[in-house]
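Every number in this text was worked out from the coordinates using simple rules, so none of it is lab data. Small disclaimer: the values here were computed from a predicted structure and weren't measured. FYI the Cβ positions are ideal-geometry reconstructions off the backbone, even for glycines, and counts take in every protein chain you see.
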Amino acid sequence: MINEANLIYFRIMELTGKNANIYACCVLNEQRLNELKGLSEELDRRQKSLSDYLDTKRNYFPRFYFLSDEDLLSILGSSDVDAVQPHMLKLFDNCREVLVQRGKTVAGMLSDEGESYNFIEGIKVEKPVEGWMFKVDLEMQKTLKDITKEMIFNYANQMRTQWIMNNLGMVTIAGTQVWWTWRVEDVFKKVRAGNKYAMKQVVFLTKRNLPNRPRT
């Protein structure tokens, strides 16, 4: 049916090119209206089939919902990681591109500000594209979770400025919130226990840029 629709369309265009008169092409040709309606219906069927196909890919890897049909088709048409790179900022927040080793293994991510980190385990680039992209998503979460846990643990043993410079920006934000919450709760406990200078001691420690190790 697809080849037949193409043949009908090309025949109409060929005849129209030979006699570019709207009255002769449409009004005098009694079959032309039915032919154009048939082509329109066939186009709608093709569009629906394409949308159903793209939905199967998006259901497997939901981040594809952030892409238009045109962008998604450009990715699905190739298993090469280079086809995905231009769309990374749409797929992952602030991820400019994935880091690739030897063209076949995704080894990490690079942010729009130039910060980068390596995955714990590299992801092989292989068909289908939604398959290895799904694995990249899982490995990103796993790696960042481990990095964040290690960073929070090291917070108490480093000066704050050094700790910030040694870690990813988004990780320091998360770690700061964790330790700030702990310190506020700790101050409340100390005040309740009778230490009326607990808040001043925390402020002093912060201003002097001393190691972040909590004081008992």
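What the table below lists for this structure:
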| read-out | value |
| --- | --- |
| Answer label, with semi-axes √(5λ) of the Cα gyration tensor in Å calculated from the coordinates and candidates (i) 26, 20, 19; (ii) 43, 21, 14; (iii) 62, 20, 14 | (iii) |
| Relative exposure of Leu72, Leu50, judged by other C-beta atoms within 10 Å (fewest first) | Leu50, Leu72 |
| Sites Ile22 and Ser49, calculated FRET efficiency, Cβ-Cβ separation with R0 25 Å, nearest 0.05 | 0.20 |
| Label-point gap, in nm, between Gln162 and Leu7 - each point 7 angstrom along Cα→Cβ | 7.9 nm |
| Under 11 Å, Cβ to Cβ, from Lys135 - net charge with Lys/Arg +1 and Asp/Glu -1 | -3 |
| Those aspartates and glutamates that a straight Cα-Cα span of less than 14 Å connects to Lys104, excepting residues fewer than 8 apart in one chain | Asp80, Asp82, Glu121, Glu126 |
| Two-site FRET efficiency, Glu121 against Lys189, from Cβ-Cβ distance with R₀ of 30 Å, rounded to 0.05 | 0.15 |
| Estimated distance in nm for a label pair at Gln177 and Lys37, the labels positioned 7 Å out from Cα along Cα-to-Cβ | 5.9 nm |
| Sequence-distant lysines (8 or more away, or on other chains) whose Cα lies within less than 30 Å of Lys190 | Lys149, Lys200, Lys207 |
| Sequence of Lys149, Lys196 once ranked by neighbouring C-beta atoms within 10 Å, starting from the fewest | Lys196, Lys149 |
| Exposure proxy ranking, count of Cβ atoms within 10 Å, fewest first, for Asp137, Asp82 | Asp82, Asp137 |
| Label point distance in nm, Asp146-Arg96, each placed 7 Å from Cα along Cα→Cβ | 2.6 nm |
| Whichever lysines have a C-alpha closer than 20 Å to that of Lys90, once near sequence neighbours (fewer than 8 apart) are set aside | Lys57, Lys135 |
